[in-house]
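Okay, so here's the structure we're looking at.
Please treat every number below as a calculation from the coordinates, not as lab data. Bear in mind that the values here come from a model prediction, so they are computed numbers and not experimental data. Backbone-built Cβ (ideal geometry, glycine too); neighbour counts: all protein chains shown.
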Amino acid sequence: MAVSSRLSVHSARRSRPPDSEPPTPTQPAATEDKPSQTQREPTSCGAVSEIDGLTNAEYLVLGPLEADAPRPLWEIAEAFLGGVVGERPTLERIAELLGAALASLAAHGLIEVRRFDIWPAPWDQGSPVANEHLVSESQRSDVWSRSMTHDALAAVITEVGIRWL
């Protein structure tokens, strides 16, 4: 898949109720594309009941968090880049695409994001980033860079987020 097509599909939604089982080989997948919908804006509600599915960009953020271990944002960006074919997007484009998804997931309680003076560090030494600040913080390209070891942002999937995978 070319970069341009991968980056342009981020608004399609894939639905799976949080309590549903993953599809089995004899059961059709519960994936549904709704191209008429655009990517939702992050809210401060934190209510999972308002989610009707996740965008592809949100899955790209959740995917590296499946191990239930905190990950700095640069690891999420590198996981995304590992699947890119062709010209690699700039950090600015990565921040634009994944930053909005990160903020949305945090606003709905699927992940938690914390700021660390230095990374790596124990999770409890980080300061939670408020959702209203995360929207602007996650749009900065430097927070998605491997060189960001001081004042770094890291994310961890929550129990609610695990149910969405």
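Here the ratio of the Cα radius of gyration of region 94-142 to 2.2 N^0.38 Å is 1.12. Add +1 for every Lys or Arg and -1 for every Asp or Glu among the other residues with Cβ under 12 Å from the Cβ of Arg114, and state the total. Residues close to Arg114 contribute a combined charge of -3.
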